[in-house]
Ligand SMILES: Cc1ncc(COP(=O)(O)O)c(C=O)c1O
């Protein structure tokens, strides 16, 4: 039986499948009266465009929360990353290193700025970027490394920041899955040269569509304003005079966030501590109960990490130990009413765009064009990411679980493991 395809865009409340034997496990409603009230108030005030008081207050709050010098709202996580790459001066001829398993939007903005994506392998147990392989991929063209705190887990930031210090190559953090996560007491997004968040509808802090960029670097911030904040530059308190002659139009591109979305995100940010607490409690109680089930174990969490956001709930499945192929196990869980899925994100080197390359700018131009020396990728290039892809399964990530939810899920995992063995 094929498994239900995991949809990363769908809020992952537990939904019963046909013939499901399980009750509804999650009581969470992402949007409640607070968001509705804010939207009504802002609309009544016609606070609908530009750097409005709500937008500015949100940026100030995000900046203080992360502990960065600047925070800038944008229309989505992709444009936050675009602004960060542009802010760093990423452009044609440069290379940007990122893990081969992430959402494509982590790297697409660098590609569209004319830089060549260079993938590195992941740690097969944490699923995070492998710092050793990132270091091995550095060339004299490397302009930055993008670390992604996938699924609410956190990268080995000590190792990555050490690479940054030793090589001078900036590390940026894609925190789209990890709102409120910390590493040794520091906020994710506040450790690298820049932090980027998606506030898309299924994220832990949602604007419907939105994004945030933070940085301590004045030039990066001002360049981010220049590239995406047309006609809002004067409303953003540029600190230096470096780009003053380009105010207020900048480069004429517009990535500005919709104020209503930011109003919604402000209400969501109030609820984040509670949301993270509930998700953490649920995930940790399921993880703690996995050890008696042969062939299932939690993902590795590095020392000093406090997970947050929890965009997904991956666990590692060892088919050889359980005696059941991962795909068959997931299908059997689905048949029993548990919405487990296989790994939702393709390894990027498997996509034709990166495996073969693509003539992005037409006429044989662009960073992944064979005529510009792009060689592509093949199976076997990233053994750990390929292994992780085969053996990671995702469990429902509940936000306000009924009290018996973890026990029901563990019982189902155990029962199906036993029943599926040939
Ligand atoms: C890791 C990661 N980076 C970037 C993005 C892009 O964010 P957005 O969809 O808001 O553009 C996403 C979106 O899901 C993501 O998961």
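Read-outs: derived from the displayed coordinates by stated rules, not from any lab. This structure is a prediction, so every number in the text was calculated from the model and none was measured. All Cβ positions, glycine included, derive from the backbone under ideal geometry; neighbour counts span all protein chains shown.
Structure remark: mean-square fluctuation, Gaussian network model of the chain, C-alpha springs under 10 Å; the largest value among 78, 43, 142 belongs to 43. When both bridge partners sit in the chain, DSSP labels roughly 60% of those beta bridges antiparallel. Given a Förster distance of 41 angstrom, what is the FRET efficiency for residue 251 paired with residue 390, based on the Cβ-Cβ distance and rounded to 0.05? About 0.40, to the nearest 0.05. Antiparallel beta bridges, as assigned by DSSP with both residues in segment 93-224, represent about 35 percent of the total such bridges.
Within the listed set 379, 268, 247, the residue fluctuating most in the Gaussian network model of the chain (springs between alpha-carbon atoms under 10 angstrom) is 379.
So what is the relative contact order for segment 33-267, in percent, with contacts set as C-alpha pairs under 8 Å and at least six apart?
Relative contact order here is 26 percent.
Scaled against the 2.2 N^0.38 Å expected of a compact globular protein of N residues, the Cα radius of gyration of segment 33-267 reads 0.98.
Rounded to two decimals, the Cα radius of gyration of segment 178-280 over 2.2 N^0.38 Å is 1.20.
Before anything else, pin down the relative contact order of the chain: Cα pairs under 8 Å, at least 6 apart, normalised by residue count, whole percent.
23 percent
Taking the number of other C-beta atoms within 10 Å as the exposure measure, put 173, 318, 165 in order starting with the fewest.
Listed from fewest to most nearby Cβ atoms, that is 165, 318, 173.
Between residue 184 and residue 284, residue separation times 0.36 nm minus the direct Cα-Cα distance comes to 34.1 nm.
Taking a ≥ b ≥ c as the square roots of the eigenvalues of the Cα gyration tensor of segment 273-358, is the shape rounded (a/c under 1.5), prolate (a/b larger than b/c) or oblate? Oblate, because a/c is 1.5 or more while a/b does not exceed b/c.
Going by neighbour counts of Cβ atoms within 10 Å, the residues 128, 322, 253 line up, fewest first, as 253, 322, 128. Can you compute the helix-only [θ] at 222 nm over the chain? Use -39500 (n - 2.57) per DSSP H run of at least 4 residues, normalise by all residues, nearest 500 deg cm²/dmol. -10500 deg cm²/dmol, from helical runs alone.
Assuming a ≥ b ≥ c are the square roots of the Cα gyration tensor eigenvalues, decide whether segment 15-91 counts as rounded (a/c under 1.5), prolate (otherwise, with a/b larger than b/c) or oblate. Oblate, because a/c is 1.5 or more while a/b does not exceed b/c.
Among 111, 251, 199, the largest mean-square fluctuation in a Gaussian network model of the chain (Cα springs under 10 Å) belongs to 251. The equivalent ellipsoid of the chain has semi-axes of 36, 28, 18 Å, largest first, where each one is the square root of 5 times an eigenvalue of the Cα gyration tensor.
Summary value for segment 277-364: 19 percent relative contact order, contacts being C-alpha pairs under 8 angstrom separated by 6+ residues.
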